[in-house]
Amino acid sequence: MIIEQFNSKDYSEIMKVWESSVLETHHFLRDEDFEYFKEVIPRDYLPNLNIYVLIENGLKAFLAYNNNQLEMFFVDAESREKDLDAY
């Protein structure tokens, strides 16, 4: 398992984790809200945050922070409740 700072501007893998996690855990979101956030997060939010990723046979989770405040923490749905080395 590797935890490293994310330095790319290609957020596609991060957004796959985000989507998987949100669909699994955010049942309160309306479809239109989900689509809205799916569009604005990579465009308006991620470029302005410090991002770290957990990689173990692919990207499994990420966290994003700014000014010492955690803004996002998402774990891929298939990796939830599994024994990742970090735990």
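Rule-based calculations on the coordinates, nothing more; no lab input. Since we're looking at a predicted model, the values are computed, not measured. Reconstructed Cβ throughout: ideal geometry from the backbone, glycine too, with neighbour counts over all protein chains shown.
Report, in deg cm²/dmol and to the nearest 500, the calculated mean residue ellipticity at 222 nm for the chain, where each DSSP H run with n ≥ 4 adds -39500 (n - 2.57) and the sum is divided by the residue count. Walk me through the numbers before you get to the answer.
Numbers: 2 runs with 24 residues, N = 87.
Computed mean residue ellipticity for the chain: -8500 deg cm²/dmol.
Arrange PHE73, PHE28 by Cβ neighbour counts within 10 Å, fewest through most, would you?
By the 10 Å Cβ count, ascending, the order reads PHE28, PHE73.
Quick check: from the Cα gyration tensor, does the chain come out rounded (a/c under 1.5), prolate or oblate?
Verdict is oblate for the chain.
From Cα pairs below 8 angstrom and at least 6 apart in sequence, can you work out the relative contact order of the chain, rounded to a whole percent? Please report the intermediate quantities before stating the final value.
Working: 102 pairs, mean separation 32.5, N = 87.
Averaging sequence separation for qualifying contacts and normalising by length gives 37 percent for the chain.
Could you derive backbone 3J(HN,Hα) for region 40-51 from the dihedral phi with the Karplus parameters 6.51, -1.76 and 1.60 (θ = phi - 60°), listing whole Hz in sequence and x where the residue is Gly or Pro?
7, 4, x, 8, 10, 9, 4, x, 9, 10, 8, 10
Please identify, among GLU13, GLU35, GLU71, the residue showing maximal mean-square fluctuation in a Gaussian network model of the chain using a 10 angstrom Cα cutoff.
Between GLU13, GLU35, GLU71, it is GLU35 that shows the largest mean-square fluctuation.
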